[in-house]
Amino acid sequence: MKTLVVYYSRKGYVEKIADAQIKAEREVGNEVDFLSLETLNTTVGYNGLRNCLAKVATGGEMELFPYETDVASYDKVIICTPVWGGKIASPMKTFLTREKHNINCAEYVIVHFLDGNMSAVADSMDKILRLKREKYTSVQCVWGKVKKEEDFQ
Ligand SMILES: Cc1cc2nc3c(=O)[nH]c(=O)nc-3n(C[C@H](O)[C@H](O)[C@H](O)COP(=O)(O)O)c2cc1C
């Protein structure tokens, strides 16, 4: 089984959680690669936060730095994303929209600050990819510390 772990992380919280996914895939004997999405416009610091909030307000996508990963060559894609404004974070939305024809089997790891199971976010990802996820994990992460982690179908 060849797995791709793709993540977008503004402050490194999602990256840490994605790293654990990579390790877990290796432990079960799967071949695993990762792709860290970077945005063309900054998302760090005060200006970056302003850029993020502008996308939350408009529901727009964020342009991604070019990557060379052949997403279609993987059997399974694990998508690790933060929640922005109650929805999938803009950079990940750009990725899913671009790669929707190249992903047939997906799991989601949805990282958020507020309490909640984020089922609406998982459903919206299914809708973009036009598939039914294998499963999703909701991770409530408060200032970098995992407070609650639950698996759902
Ligand atoms: C622009 C923006 C909007 C956010 N909106 C939400 C939200 O609606 N609900 C929530 O639970 N967390 C929200 N968060 C918090 C992030 O989902 C959470 O801090 C996550 O761990 C960020 O991970 P990262 O810094 O690795 O990208 C938001 C964060 C940002 C930057």
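Here are a few things to note about the model shown:
- Mean separation of Cα contacts under 8 Å, 6 or more apart, over the residue count of the chain: relative contact order %: 21 percent
- DSSP bridge orientation in the chain - percent antiparallel, rounded to nearest 5: 30 percent
- Relative pair counts by distance (%), Cα atoms of the stretch 2-152, 5 Å bins: 2, 10, 20, 24, 23, 15, 6, 1, 0
- Gained length - Leu131 relative to Phe65, 0.36 nm times residue gap less alpha-carbon distance: 21.2 nm
- Measuring between alpha carbons in the structure, the pairs from Lys11/Lys145; Lys93/Lys147; Lys55/Lys148; Lys2/Lys148; Lys93/Lys127 lying more than 19 angstrom apart are Lys93/Lys147; Lys55/Lys148; Lys2/Lys148.
- Among the trypsin sites (Lys or Arg not before Pro) within the stretch 10-57, those in coil by DSSP and having at most 15 neighbouring Cβ atoms inside 10 Å are Lys11.
- Local net charge near Lys23, Cβ-Cβ under 14 Å (Lys/Arg +1, Asp/Glu -1): -4
None of the figures in this text is laboratory data; all of them are computed from the coordinates on show. Predicted model only: the values in this text are computed from it and were never measured. Every residue, glycine among them, receives a Cβ derived from its backbone with ideal geometry; neighbour counts consider all protein chains shown.
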